[in-house]
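Below is one structure, written out as structure tokens, with a few remarks after it.
Coordinate-derived values only; no laboratory data. It should be emphasised that the depicted structure is a prediction, and the values quoted were computed from it without experimental measurement. Here Cβ is always computed from backbone atoms with ideal geometry, including for glycine, and neighbour counts include all displayed protein chains.
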């Protein structure tokens, strides 16, 4: 399992950050690698529980389905993979922590691919995945 984490300060409230992070259908408009996001199931509060994604990864198109966990909302949003074509497992989380009038967003992600990759390809992929945090910041602050 390969993992990475990063954090960034955003000029917005934790509630605003959580709201943007959970607007999954809008991801294709701001997250460069997400081509499609379809909500397949919602909880009693109308929040997306299961989302199918089509994304570009490692120079190809990939499909995966994530299940979201709101048990620590709105301080934390976590997810795990239900199904995927090139991944065996995905576990991730955003944590939203108020710091004055800003929010520190921490992003943790671990992925296990079906096919092992050379180290340099993995590092390049990790940089791309973690750049999603900068894209999220831009979206929240826009």
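Most exposed first by the Cβ proxy, i.e. fewest other Cβ within 10 Å, how do 40, 67 rank?
Result, fewest neighbours first: 40, 67.
Relative to the longest principal axis of the chain, what angle (0 to 90°, nearest 10) does the C-alpha long axis of helix 119-130 take?
30
What FRET efficiency do you get for residue 61 and residue 83 if R0 is 22 Å and r is their Cβ-Cβ distance, rounded to the nearest 0.05?
With a Förster radius of 22 Å, E is 0.90.
To the nearest 10 degrees, how steeply does helix 132-141 sit against the main Cα axis of the chain, on a 0 to 90 scale?
The answer is roughly 30 degrees.
I'd like the distance separating the alpha-carbon centroids of segment 1-21 and segment 34-50, in whole Å.
19
Let me have the relative contact order for the chain, percent, based on Cα pairs under 8 Å that are six or more residues apart. Walk me through the numbers on the way to the answer.
Details: 287 pairs, mean separation 42.4, N = 142.
This gives 30 percent for the chain.
Semi-axes of the equivalent ellipsoid of segment 2-141: what are they in whole Å, largest first, if each equals the square root of 5 times a C-alpha gyration tensor eigenvalue?
Largest first, segment 2-141 gives 24, 18, 13 Å.
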